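Just so you know, all these numbers are worked out from the coordinates, no wet-lab data involved. Keep in mind that what you see is a predicted model, and the values were worked out from it rather than measured. Glycine gets a Cβ as well: all are built from the backbone with ideal geometry, and neighbour counts include every protein chain shown.
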Amino acid sequence: MHASFRPSDHRARAALVAAQSSALGRQLFFALSQVEYELRTKMQLALEQVGLDVRQYTTLAYIAGGHTPTQLELGQILHLDPSQVVTLTKGLAERGLLVRQTVPADRRAHALGITTEGKVLYQQAAALVQQVEEALTASLSRRDRSALKNSLDRMLPLS
């Protein structure tokens, strides 16, 4: 589904309900893709409130968690090519949210760190993401949410 598509009208929702009750709707990939779409769409809307997108939030979240990846490692985590990572990290650095430091052992590599301003913005964004996750899983019990997360964790890494 295209990232800008939002099934907001009655016909689109009816089509989705029909798909969910078809053979397609019984397939795991379809359910996962629909949940991913809803989560990503709602996260993007929430993160816009603090001037971030999902990739920027993911980058800040990973680094705020105590990791100091190189740009290459970040690209592997986010499934981005090097030029996309450079654009992403350069933008965050220009906003004062990240620092990019040359790795002494490899002058071509840049390690990433988070600034104080980046940590503050990450904490604001993380609260918004938590609200989105809670809203998306509101129909699940705490136990079911935990079981879902544990099941997904066991599936990763996929390759």
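Here are some notes:
- Helices (runs of 4 or more DSSP H) contained in segment 59-159 and holding at least 1 residues within 15 Å of the chain's Cα centre (by Cα) and surrounded by 17 or more Cβ atoms within 10 Å (Cβ to Cβ): 71-78, 82-94, 116-136
- Matching residues in segment 121-159 - criterion: being touching a residue at least 12 places away in the same chain (Cβ under 8 Å) and not polar (S, T, N, Q): LEU121, TYR122, ALA125, ALA126, LEU128, VAL129, VAL132, GLU133, ALA135, LEU136
- Test: residue in segment 60-71 that is out of contact with any strand residue (DSSP E or B) (no Cβ under 7 Å at 6 or more places or on another chain) and over 21 Å from VAL129 (Cα atoms): no
- On inspection, GLN56 does not qualify as part of a helix (DSSP H, G or I) and in contact with an Asp or Glu (Cβ under 8 Å, 6 or more places away or on another chain).
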